[in-house]
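What follows is a short report on a single structure.
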Amino acid sequence: MKRRSFILSVGGVAAGTLVLPRMAFAEAGRIDWYTGSDQNILDFWTNVVAPQFQEANAGVTLNLVDAGDNAGLQSIAERAMAALGSDADPQADFLETFDSRLPSGAAEAGLYVNMKEAGLSNYAKVNPLAIDTEFSLPYRGSQVLLAYDTTKLVKETVPKSFADLITWIKANPGMFIYNRPDKGGSGGNFVRRAIYEVNGKDPSKFTVDNFTPEFAEQALQPAWDLLNDLAPSLFQEGGYTSGNTQSVQLLAQSAVAMIPAWSDQALQGISTGVLADTTGVVQLQDLGLPGGFSRAVVFANGKNKDAALKLADFVLSQEIQTAVITELGGFPGVTWDNVDPALREKYADVIPQSIPVFPGGEWEVAINDGWYRNVAPNIDRTK
C-alpha cells in the first residue's frame with residue numbers, strides 16, 4: 001500500500017491539490033516528471049532535487065507529479081508509445097523509476113533515450129553493478145543487509161557469509177527473525193538469499209524466462225529444507241513478523257539481536273532514533289543479500305527531452321548522490337569511489353561487493369506459495 005494520497009507539483013501548488021496530467025502541448029522549459037514511488041521519494045525530489053536543479057538551470061522548472069503506482073506509470077508509457085512516430089505530445093518527459101522493457105517492445109521501437117549514448121557527463125560514474133539496460137539510469141538503490149545490536153555482539157564476530165550467519169543463528173537461539181516473504185522485501189530477500197545458497201550462490205541460474213514448475217521444485221526444495229532446519233532457532237521458534245517495520249521494532253526493543261533489514265530503513269532508523277545508536281549494519285561478503293536499484297527513463301519523444309537529460313545528468317552529481325545516502329539512507333547509483341571519502345568510511349561495512357536481484361513474475365509466486373506450504377504451513381497468510 002502506498003504511503004501517500006495526494007499529488008504535489010513544484011512551483012506553488014498547495015499540498016493536497018490534485019495535479020492532473022496536462023492535456024495540452026508541453027510548456028517550453030518545463031519537465032513533466034512522474035513517480036510511482038513512496039512519499040519519501042516524492043519529498044526528496046520536492047525538497048532536495050528540484051530546488052537545486054532549478055537554481056542551476058535558469059528557466060527550467062520541474063513539474064513533479066504522483067502517478068500513484070506502477071500501473072499509473074505504465075499508462076503514461078503506453079500513451080507515449082502511442083504518440084511515437086508522430087508529432088503528438090506524449091505529455092511526459094521523465095519517469096523517476098520504471099522498467100524500460102515496458103511496454104513490450106518500447107525500447108526497441110525507440111521510446112526511451114539510450115543513456116549510455118546520450119552524452120551525459122556523469123554517466124561514466126554509474127556503478128556497473130546497477131546497470132540493467134542502457135535505456136534506463138540507476139540513480140539510487142537499496143539492498144537488504146544485517147542490522148544488529150552491538151551491545152550483544154561485537155563487530156569482529158558479526159557473520160560475513162551466509163554459512164556463518166546460519167551458524168550464528170543456531171548458536172544464539174531466539175536472537176534472529178525475518179518477516180514473511182510476501183509481507184516485506186527484507187524477509188523475502190533473506191529467503192531468496194537462502195535459495196541462492198543452496199543453488200551454488202549463482203544468481204544467473206534464475207531468470208524471468210526460465211521458470212518452470214519442475215525447475216522451481218528442484219531449486220526451491222533445498223531452501224525449504226534449510227529454512228525448516230533453522231526455524232527452531234528463530235525468535236519464538238518461528239515467530240515470523242508480518243512486515244519490515246515489525247522486524248525493526250523487535251530489534252529496537254532488544255527482543256532480538258539481529259534482523260535482515262532494507263539499507264534505507266535501517267540507516268534512517270538509526271539517524272532518527274527509531275533504532276539505537278548502538279545498532280550496527282553489515283553486508284554479507286560472499287554473496288550479498290538481494291536488493292535493487294531505481295532506474296529512471298527519459299522519453300525520446302518528450303517535448304522537453306534535452307532538459308530532461310540535463311536532469312538525468314544532474315541526479316548523478318556528487319551533491320545529489322550524497323543526498324541519496326544522507327537524506328534517503330539509500331545506496332548511490334554511482335560507484336562508491338565517486339562518493340565523499342568520509343561517507344565511504346562511515347558505510348564501509350555495507351558497501352556491496354555484489355547486488356543480486358532475484359527475478360519476479362512466476363518465481364515470486366512460487367517462492368511465496370512454497371514458503372507458506374513448506375516452512376510455515378500453520379500461518380494464515382491472510383493475516
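Please treat every number below as a calculation from the coordinates, not as lab data. Model, not experiment: these values are computed from the prediction. Positions of Cβ are generated from backbone atoms using ideal geometry, with glycine treated the same way; all protein chains shown enter the neighbour counts.
Figures for the structure shown
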item: Relative contact order of the chain, defined on C-alpha pairs under 8 angstrom at six or more residues apart (%); result: 24
item: Gaussian network model of the chain, Cα within-10 Å springs - most flexible of Lys152, Lys305, Lys160; result: Lys152
item: Net charge, Pro51 excluded, C-beta distance under 15 Å - Lys, Arg +1, Asp, Glu -1; result: -4
item: Residue pairs, from the table Lys125/Lys346; Lys205/Lys346; Lys183/Lys205; Lys160/Lys205, whose Cα atoms sit over 30 Å apart; result: Lys205/Lys346
item: Charge dipole (debye, nearest 20) of the chain; +1 at Cβ of Lys and Arg, -1 at Cβ of Asp and Glu; result: 500
item: Pairwise centroid distance, computed over Cα atoms, of the range 175-244 with the range 326-344, Å; result: 29
item: Convex hull volume per residue for the range 90-206, taking Cα atoms only, in Å³; result: 189
item: Cut-off 13 Å between beta-carbons: net charge of the residues surrounding Thr278, Lys and Arg +1, Asp and Glu -1; result: 0
item: Anisotropy class of the range 290-347 from Cα gyration tensor, a/c 1.5 cut; result: prolate
item: Antiparallel bridge percentage (DSSP; both residues within the chain; nearest 5); result: 70
item: Span from the the range 103-142 Cα centroid across to the the range 365-383 one, whole angstrom; result: 36
item: Rounded tilt (10° steps) of 305-314 against the dominant C-alpha axis of the chain; result: 40
item: Length-normalised contact order for the range 313-352 - Cα pairs under 8 Å, 6+ apart - percent; result: 30
item: Gained length - Thr322 relative to Val274, 0.36 nm times residue gap less alpha-carbon distance; result: 15.1 nm
item: Extreme residue, positive dipole direction of the chain, given options Val158, Ala366, Asn70 (C-beta unit charges); result: Val158
item: Summed side-chain charge close to Gln143 - residues other than Gln143 whose Cβ falls under 13 Å, Lys, Arg +1, Asp, Glu -1; result: +1
item: Cα-based helix-to-principal-axis angle, 213-230 vs the chain, degrees rounded to 10; result: 50
item: Candidates Pro138, Pro341, Pro359: whichever shows maximal mean-square fluctuation once the chain is modelled as a Gaussian network with Cα springs under 10 Å; result: Pro341
item: (i) 27.5, 89; (ii) 22.1, 71; (iii) 21.7, 66, with the label sought being that of the calculated Rg and Dmax of the Cα atoms in Å; result: (iii)
item: Contact order normalised by residue count of the range 295-383, Cα under 8 Å, 6+ apart, percent; result: 13
item: Candidates Asp38, Asp202, Asp87, ranked by Gaussian network fluctuation over the chain, Cα under 10 Å, top entry; result: Asp87
item: Prolate/oblate/rounded label for the range 298-383 (Cα gyration tensor, a/c 1.5); result: oblate
item: Positive-pole candidate from Gln91, Gly288, Gln39, dipole of the chain, charges at beta carbon; result: Gln39
item: Cut-off under 5 Å, modelled amide H: who pairs with Asn179 long-range; result: Gly187, Thr241
item: Residue-averaged [θ]222 nm for the chain, counting only DSSP H segments that reach four residues, each worth -39500 (n - 2.57); result: -10000 deg cm²/dmol
